[in-house]
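Derivation of every value follows stated rules applied to the coordinates shown; laboratory data play no part. Owing to the predicted nature of the structure, the values given are computational and were not obtained by experimental measurement. Positions of Cβ are generated from backbone atoms using ideal geometry, with glycine treated the same way; all protein chains shown enter the neighbour counts.
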Amino acid sequence: MVGVLLSQLITDDKNLPLKSGIPSLDEHLNGGFARRSIYEIFGPPGIGKTLFGIQLINVNFHAGGEKVLWIDCNKASPMSCIDSGSERNVSHVFIHKISELLIFLQNLMLPDNEYPPYSLIIVDGFSQLLNNNLNVISKRREKYDPFYLHTVKCKNLVLLLSKMTKYAHINNSTILLLDDSMNTTYQQHLLSALDNSTLGIVADGSNFFVSDSAAIAQRRRNVHTLKSALVANAGMGNKDSKWEIFLKYRIGLFWDFLNKKSYMKKGSNKLYRTRVAIVYDLHGNNAERGKSPRDGETNSNGKRPRIWGNSTPVPQYNSEDHVVVPFQFPLAYGQQEQEQEQRESTPPDLQAANLQQAAPLHSPLTHPTVLTSFQNSVSSSLQLSSFTTNSSTSPTSASPTDDHHLFPSANAADDVAYDSDV
Amino acid sequence: MDPPLESTPLTVWRGPTRDTLAARISQFLLSDTNRELYYIDVTDSFPLQQFQERAPLNSHRAVYDHIKIIACLELRELLQSVLKITRASDQSTLVMINSIDTMFANAQYRDSQTCYDVLNEVLLELRWASSPQFTTVLVFPRNREQQPLKRRKTAAESLDEFIGNYYAERSEQM
């Protein structure tokens, strides 16, 4: 028989999607991370990309005989965070060159290879592998040629992702690429080609912020854009769709900040934070699912919709090509006991006060590529840089417990709000 | 009202959403029980969720048995699959090929000299097999920049335009 029956694909237990452990995210991924597919997850250091991968293993591979392959490309991941039940199903390998990865993938697909079929492959630091390769190529050439580098990048990625797709189809696997994110604003001449024309660089000498004319129309300030390091690197160009076709979804993990005055203590300038996952639909399939409130949608009062409380379905703010899903990790593995001790040592009245602090999130996102807008750009940027420096030492060092004091709800998405006054 | 698929041997669809694809597929399959669909793509992109909304699995289980999913990463694999389908089909068949441009690009990476011949062979095989019982649809996803073919220096045309001009009876912008 030619092909696989669809009925077989959707009823076989081995074809069930992998749960991320974040229900609202799974909902937007149509049930979870689908088999026979490749996903990219990117974000700044310390946001929890590795933790996300570990959580995926702990949730899905605790029991059963399915195997996982973890490929480290940049640094050693904390394999000790994997549950003891799941650990025996995980194989771990280090790969430091793009050619090594290609040969390794080819070996995995040899008919009589020594490896078991892996149901999940996580490539941690995949973008680092690619960027190292681009840097080597760039140094070999006398003159910096972004067009050449872009062509090489696309060819390499098409080759690698083709192999991965083939493996995923043969072994019914899910492949997860954990990538860094990168600021693109230093390459001014490429910005207009990559994005819509509403973005422009703020000429403040630092080239760190981007002004969004669409956002300015809504009285928003300058923004800082981060993209996947597979897109934003030495080989930037406009032919990324050649390899993006192999990705089912791209998910950006970012920080979001609470800085609304009414939720702040008097005299305090602390920004509360939470994580958001931005699910990018690379193939435009969400186009008819919803219209962004920022595209001019108003309620009966002529204001953009304000959504509060648990009765509101997710997504709260989405656009044609992306959906934003606020989330928080369950307590970081190994930190449960510490949290329990803290809870026991906290007086009950203070615990109640912490619960009352739970407040709806304010969404600062104005554009699919925007990480954060800053109401007060100087002070906020200081907050961001100090925070990311502290949290970048280890993927697990970011303390999810901070979020728990703010959001007692298991599903943080329930507390999201639109703010028409910003 | 959309014309029935079986009235044209080879059709090009540009930029359909998942909803549109699912609607057309369900329209084709639900109108007759003796119909089958071969869905060929480089990735696992069948619009399952949207299709299930139109044809729930519980009540239309037989329909799901008539949908076959095939993954082809490049044109030679596509040619092999097409040859098998054309020889095996014994009922009303719709072959839906998604992202043939990516298969073409992958074939170009491997061998830029022969990829046009393989493309020609695939499309001629599909046209050769076409009949009221055998129809082909080539789907070009939206939001993807179609690269001009390098072979034609005078009038640069993308792959979807090339196929639309020389092989397909009808092209639809969706």
Indicate the gyration tensor shape class of region A:17-71 (rounded, prolate or oblate), computed on the Cα atoms with a ≥ b ≥ c the square roots of the eigenvalues: a/c under 1.5 is rounded; otherwise a/b larger than b/c is prolate and the rest oblate.
-> oblate
Counting Lys and Arg as +1 and Asp and Glu as -1 over every other residue whose Cβ sits under 12 Å from the Cβ of A:N107, the net charge comes to -2
For peptides A:115-127, A:20-32, sequence by mean Cβ density within 10 Å, most packed first | A:115-127, A:20-32
Amide H neighbours of B:V12 under 5 Å, counting only residues 5+ apart in sequence or on other chains, H built in-plane at 1.01 Å?
-> B:L138, B:R170, B:S171, B:E172
With θ set to phi - 60°, apply the Karplus curve 6.51 cos²θ - 1.76 cosθ + 1.60 along region A:97-106 and write out the HN-Hα couplings as whole Hz, x wherever there is a Gly or Pro.
-> 9, 5, 5, 4, 5, 4, 5, 4, 5, 4
Using only Cα atoms, find the angle between the long axis of helix B:100-110 and the longest principal axis of chain B, and express it within 0 to 90 degrees, rounded to the nearest 10.
-> 40 degrees
For A:L226, the residues 5 or more places away or on another chain with a placed amide H closer than 5 Å to its own amide H are A:L371
Non-local amide H neighbours of A:F42 (under 5 Å, H modeled in plane, Pro and chain starts lacking H): which ones?
-> A:D179, A:I251, A:G252, A:L253
Using only Cα atoms, figure out Rg for region A:1-121 and give it as a multiple of 2.2 N^0.38 Å.
-> 1.14
Within 10 Å of each Cβ in peptide A:2-15, how many partner chain Cβ atoms are there on average? Round it to a whole number, please.
-> 6
HN-Hα couplings for region A:134-141 via Karplus (6.51, -1.76, 1.60; θ = phi - 60°), in whole Hz with x for Gly/Pro, come out as 5, 5, 5, 5, 4, 6, 5, 8
Expressed in angstrom and ordered largest first, the alpha-carbon extents of region B:1-87 along the principal axes are 36, 28, 26
Karplus-derived HN-Hα couplings along region A:3-12 (A = 6.51, B = -1.76, C = 1.60, θ = phi - 60°), whole Hz, x at Gly and Pro | x, 10, 5, 4, 4, 5, 5, 9, 9, 6
Jot down the per residue volume, in cubic angstrom and as a whole number, of the convex hull over the alpha-carbon atoms of region B:5-173.
-> 106 Å³
For chain B, modelled as a GNM with alpha-carbon contacts under 10 angstrom, which of B:D41, B:D32, B:D160 fluctuates the most?
-> B:D32
